[in-house]
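Only one structure is covered here, and it is reproduced in the block below.
The values are calculated or read from the model by the stated rules, or taken from the named source; none is laboratory data. These numbers come from a predicted model, not from an experiment. Cβ sites come from the backbone with ideal geometry, for glycine too, and all protein chains shown count toward neighbours. Please note that ligands, DNA and RNA were not included when accessible areas were found on the heavy atoms of the full protein model with its side chains. Shrake-Rupley method; radii C 1.70, N 1.55, O 1.52, S 1.80 Å.
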Amino acid sequence: MRFEIGDWQIIQFIDYDDEEWSYEHIYRHTDGREAVVGPGGYCSDPDLSWLLHRRRRKKKQMARIAIATSICLNAAWLPVGIQGLQQCFTSGWIALVSIFGYAICCFSAFGSWNALILADSIKSWKESLKMLVICLPLYLAGAGLISVGGFTAITLDGLRIPLVLASALLSLGGSAGIRWRDSTIY
């Protein structure tokens, strides 16, 4: 494992049995300086200390953004669930098939968008194509289940949004969020 931060590279991990000083991480700068990082935020070099502080701050910020994104994307399930249950009381339990179809559409659209958006040198186009070959038929099967269930759209303040479109757009948002998070260096 190679761990770098700025021009610093970690060269050694040391674990101790002492409760107060349980570990040391030894870093080496490209100019030859060495620094020790220990518990409680100790760092023997102020430049490395600043870089580590910025990294911790960026990680906290990314965690808050990930939580907010997750809440926003998962909140879309609330109107689908509520309106789906209302549909169950009016037209019978067959509406649950639509909710199941919506779930399949969300997962398969998420996989499809990931295959398209996250395709890079790490993930070959062959793997992306395999993912699309799996996900696109599942998306069509989910769309079929939505139409069989009869609950095909959610209504928000007079606006009718087809479940198939909602699943594709929300999955695109989730995939774009993952791409953004992975491209941000922290």
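Those residues that are among the small types (Gly, Ala, Ser), part of a loop (DSSP other than H, G, I, E, B) and at pLDDT 90 or above, I need them from segment 1-37; list them, please. Correct list: Gly32 only. One residue stands out in segment 125-146 among those that are modelled with pLDDT of 90 or more and open to solvent by less than 20 Å² (accessible area, probe 1.4 Å): the one that is farthest from the chain's Cα centre (by Cα), namely Ile146. The lone criterion from (1) touching a strand residue (DSSP E or B) at 6+ places or on another chain (Cβ under 6 Å); (2) under 30 Å from Leu156 (Cβ atoms) left unmet by Ile10 is number (2).
Checked across segment 108-124, the condition of being without any contact (Cβ under 8 Å) to a residue 12 or more places away in the chain and open to solvent by 70 Å² or more (accessible area, probe 1.4 Å) holds for at least one residue. Residues in segment 53-111 that are part of a helix (DSSP H, G or I) and β-branched (Val, Ile, Thr): Ile65, Ile67, Thr69, Ile71, Val80, Ile82, Thr90, Val97, Ile99, Ile104. Among residues of segment 64-79 that are surrounded by 11 or more Cβ atoms within 10 Å (Cβ to Cβ), those with a Cβ under 7 angstrom from a residue that is among the β-branched types (Val, Ile, Thr), sequence gap 6+ or separate chain, pair up as Pro79/Ile154.
Inside segment 146-165, residues that are in a helix (DSSP H, G or I) and either under 17 Å from Gly111 (Cβ atoms) or hydroxyl-bearing (Ser, Thr, Tyr) (or both) make up a count of 2. Taking first residues from segment 1-29 that are of a type in the set (Ser, Thr, Tyr) and partners that are in a loop (DSSP other than H, G, I, E, B) and open to solvent by 70 Å² or more (accessible area, probe 1.4 Å), the Cβ contacts under 6 Å between residues at least 6 apart in sequence or on separate chains come to Ser22/Tyr16.
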